[in-house]
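**Q** Before anything else, here's the structure in question.
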Amino acid sequence: MSAPSPVVAPSILAADFARLADEVRAVEGAADWIHVDVMDNHFVPNLTIGLPVVQSLRAATTIPFDVHLMIEEPRRWAPGYADAGAYNVTFHAEASDNPVSLAKDLRAAGAKAGLAIDRDTPIEPYLELLPSFDTLLIMTIKAGFGGQKFIPAMLDKVAAARRHAKAGHLELRIEVDGGIAEDTIAEAAAAGADAFVAGTAVYSAQDPAEAVRKLRGLAARAMAEP
Ligand code: DX5
Ligand code: ZN
């Protein structure tokens, strides 16, 4: 079986919030997913956007949405994002007391289910849950803000998850989020990641679509190496 091709997901957290539809269209044809960071000022100190914005934006583009919920009470809010047409809905392990049950609900609502692991959370307790998920998002920073420095030590979690997924023949996207750029994406891919969130690296570039293509090329090359 050939390795899946890398997914690059620009994060609109680094885009101009007054021009979100234009910013999303700027990566149409280049981006695989659009990463939408939902923060509630409780699970993380920052506050961003919620369901009404996702609903409006959904109508403005055909790119699949990768919704990253950094919120408390995901059980209450997450299914609404699946109903709004999100392709993948990821919630945090630290915020959920029954991740498997919520994953089931998200899948029943027609979305892929994602589990996110923050910087200070070990991966081991969650490995057994992975068959219930389509996506595992490993934070390579502390969740809450864009523009932070990539933490290479987080790649040990990526490697452990990839080993576990391989051994169990799981079909699992392993996504990295935080500080992903031209100088970090290859090491993340080499560790076993195959989906890459990039905010600053895409939206601070002169040509965001070109930045996405460049990142995907670097990831694909690293993933192809034995
Ligand atoms: C932060 C968010 C990230 C953020 C990444 O908590 O989850 O998705 O947008 O931004 P960069 O790519 O700038 O690190
Ligand atoms: Zn994110």
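**Q** Is it true that residue 32 is within 16 Å of the chain's Cα centre (by Cα), under 28 Å from residue 220 (Cα atoms) and not in a loop (DSSP other than H, G, I, E, B)?
**A** no
**Q** Can I ask one more? Condition test on residue 40, is it closer than 23 Å to residue 206 by Cα and of a type in the set (Asp, Glu)?
**A** no
**Q** Considering only the stretch 111-141, state which residues are farther than 19 Å from residue 191 by Cβ and either among the β-branched types (Val, Ile, Thr) or in contact with a Gly (Cβ under 8 Å, 6 or more places away or on another chain) (or both).
**A** Passing the criteria: 131, 134.
**Q** Can you pull out the residues in the stretch 88-106 that are of a type outside the set (A, V, I, L, M) and either out of contact with any Asp or Glu (no Cβ under 8 Å at 6 or more places or on another chain) or buried (at least 17 other Cβ atoms within 10 Å of the Cβ) (or both)?
**A** 88, 90, 91, 92, 96, 97, 98, 99, 101, 104, 105
Conditions tested, residue by residue: (1) outside any helix (DSSP H, G or I); (2) within 16 Å of ligand 1 (Cβ to nearest atom).
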| site | (1), (2) |
| --- | --- |
| 137 | yes, yes |
| 144 | yes, yes |
| 149 | yes, yes |
| 162 | no, no |
| 170 | yes, no |
| 197 | yes, yes |
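**Q** Does at least one position in the stretch 191-207 carry a residue that is of a type in the set (A, V, I, L, M, F, W, C), touching a His at 6+ places or on another chain (Cβ under 6 Å) and surrounded by 23 or more Cβ atoms within 10 Å (Cβ to Cβ)?
**A** There is at least one residue in the stretch 191-207 that is of a type in the set (A, V, I, L, M, F, W, C), touching a His at 6+ places or on another chain (Cβ under 6 Å) and surrounded by 23 or more Cβ atoms within 10 Å (Cβ to Cβ).
**Q** Name every residue in the stretch 50-70 that is without any contact (Cβ under 8 Å) to a residue 60 or more places away in the chain and within 12 Å of ligand 1 (Cβ to nearest atom), in order of residue number.
**A** Result: 67, 69.
**Q** Among the residues of the stretch 61-94, what is the count of those that are among the hydrophobic types (A, V, I, L, M, F, W, C), in a helix (DSSP H, G or I) and closer than 17 Å to residue 175 by Cβ?
**A** Residues meeting the conditions: 2.
**Q** I've got another one for you. Only one of these conditions is not met by residue 194: (1) among the charged types (D, E, K, R); (2) over 21 Å from residue 88 (Cα atoms); (3) touching a residue at least 12 places away in the same chain (Cβ under 8 Å). Which number is it?
**A** For residue 194, the exception is condition (2).
**Q** Is one or more of the residues making up the stretch 180-189 touching a residue at least 60 places away in the same chain (Cβ under 8 Å) and not in a helix (DSSP H, G or I)?
**A** Looking through the stretch 180-189, none of the residues is touching a residue at least 60 places away in the same chain (Cβ under 8 Å) and not in a helix (DSSP H, G or I).
**Q** Filtering the stretch 180-195 down to residues that are of a type outside the set (D, E, K, R) and out of contact with any strand residue (DSSP E or B) (no Cβ under 9 Å at 6 or more places or on another chain), which residue is nearest to ligand 1 (Cβ to nearest atom)?
**A** Out of the qualifying residues, it is 186.
**Q** Sticking with this one: Within the group 132, 56, which residue is among the hydroxyl-bearing types (Ser, Thr, Tyr) and under 24 Å from residue 20 (Cα atoms)?
**A** 56
**Q** Scan 161, 186 and give me the residue that is more than 16 Å from ligand 2 (Cβ to nearest atom) and closer than 22 Å to residue 14 by Cβ.
**A** Exactly one residue qualifies, and that residue is 186.
The numbers here are math on the coordinates, done by the rules we state, and not lab data. Please read these numbers as outputs of a predicted model, since none were measured by experiment. Note: ideal-geometry Cβ built from the backbone for every residue, glycine included; neighbour counts use all protein chains shown.
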